[in-house]
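Structure record follows, encoded as structure tokens.
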Amino acid sequence: MVDPLLLFALLLLLALSFAFLNGFHDAANVVATMIASRALSPRAALVLAALANGIGPLLFGVAVATTIGKEILEPQAVTITVVIAGLVSASIWNLVTWWFGIPSSSSHALTGGLVGSALIFGSLRLLKPEGLAKVGLALLLSPILGFIASWLILRLLFYLSRGASPRINNTFNRLQLATGTALALAHGTNDAQKPMGIITLGLVTLGFQSDFHIPLWVMLSSAAAIGLGTALGGWRIIHTLGGRFYRVRPIHSLTSQLASGLVILAASVLGGPVSTTHVVSASIVGAGAAHRKSMVRWHHFVDIGVAWLITIPLTALLGAGCYLLLRPFLGF
């Protein structure tokens, strides 16, 4: 039998690595349009995003962490091998999609990995239907809301700035300091809570805590890990989001940041883990479609949509495979 303290140390290392990879993989969500519209230099944009990503989780509660750690699986029935296998599968998926420059969802990957490993360990009794429905609804609705909000905001900005000279782009770029920071805060709030939930689930599963509550040191370490990952940035995906849909101008960047930041922050407060990648992508496309539908290269959006559809089933299979590989070493 592996020592529980050693198991928790392994889980902690993997969870913080996942948070780092999440920040690294999802840096594009925050900075891509700021860089494409030349509101900030790449390095300044990443520094701003990293600081806000690290602060965000400390400001807006832990509702998402509670959903991930308490409302998807039965904490008292699941084993630490199930948790570690789900986490490993999500991390592998993040690395693979980063390598190929595919904007994918860490929320989808973590949910799929946990579900797959739990099913191969036990049965459907380990899954909480209400929690899974909550996660599924958040993942489904958030990109749609991002698209709609972005479309409406851009039309409003066009109306308010009618008759303005091209110099208004300078104003839009200055405003991006506020909207970009807000988006980074929202992103950090939602995504850093996922490793918080996993770490706390491990504490409960291994008997280090009798009930599910997030310790302060878990919040701080997860926030620091995602901030560090963002600071280093994922340039392959920055290229995808920043230029492949269409030529992003300051008004598109401002609009997409504001729309996606509002949707992600609202979901975070309500406890819904969302895909920041897909919310931001949908918001960028929504701004372009509001400007002129023909300017959007829709096939790139379809590619991201395909990734949205296949992530959960593939990571569920990956989670099941990781569980079978890890079980002989970590036990039941």
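The values are calculated or read from the model by the stated rules, or taken from the named source; none is laboratory data. Please read all numbers here as calculations on a predicted model, not as lab measurements. Glycine also receives a Cβ, built like all others from the backbone with ideal geometry; neighbour counts cover every protein chain displayed.
Tally time: how many residues in region 69-87 are at pLDDT 85 or above, in contact with a Ser or Thr (Cβ under 8 Å, 6 or more places away or on another chain) and within 19 Å of residue 193 (Cβ to Cβ)?
Qualifying residue count, region 69-87: 3.
Mind checking which residues of region 98-138 are over 20 Å from residue 267 (Cα atoms), hydroxyl-bearing (Ser, Thr, Tyr) and buried (at least 17 other Cβ atoms within 10 Å of the Cβ)?
117
Just checking, which of 10, 16, 40, 51 is in contact with a helix residue (DSSP H, G or I) (Cβ under 6 Å, 6 or more places away or on another chain), in a helix (DSSP H, G or I) and surrounded by fewer than 23 Cβ atoms within 10 Å (Cβ to Cβ)?
16
Name the pairs: first residue in region 208-219 and under 24 Å from residue 3 (Cβ atoms), second residue of a type in the set (A, V, I, L, M) and surrounded by fewer than 17 Cβ atoms within 10 Å (Cβ to Cβ), Cβ to Cβ under 9 Å, at least 6 apart or on different chains?
208/5
Count, please, the residues in region 134-168 that happen to be over 18 Å from the mean Cα position of the chain (by Cα) and at negative phi.
20
Exactly one condition in (1) over 15 Å from residue 222 (Cβ atoms); (2) touching a residue at least 24 places away in the same chain (Cβ under 8 Å) is not met by residue 53; state its number.
Evaluating residue 53 over (1) over 15 Å from residue 222 (Cβ atoms); (2) touching a residue at least 24 places away in the same chain (Cβ under 8 Å) leaves (1) as the failure.
Identify the residue in region 265-297 that is out of contact with any helix residue (DSSP H, G or I) (no Cβ under 8 Å at 6 or more places or on another chain) and either acidic (Asp, Glu) or in a helix (DSSP H, G or I) (or both) and, among all such residues, is surrounded by the most Cβ atoms within 10 Å (Cβ to Cβ).
Only one residue tops the list, namely 266.
Residues of region 226-254 being modelled with pLDDT of 75 or more and in contact with a Gly (Cβ under 7 Å, 6 or more places away or on another chain), which ones?
226, 227, 228, 229, 230, 248, 252
What's the number of the condition residue 79 fails, among (1) over 24 Å from residue 216 (Cβ atoms); (2) crowded, with 24+ Cβ neighbours inside 10 Å; (3) among the β-branched types (Val, Ile, Thr)?
Condition not satisfied by residue 79: (2).
Any idea which of (1) crowded, with 24+ Cβ neighbours inside 10 Å; (2) at pLDDT below 85; (3) more than 25 Å from residue 138 (Cα to Cα) is the one residue 205 doesn't satisfy?
For residue 205, the failing item is (2).
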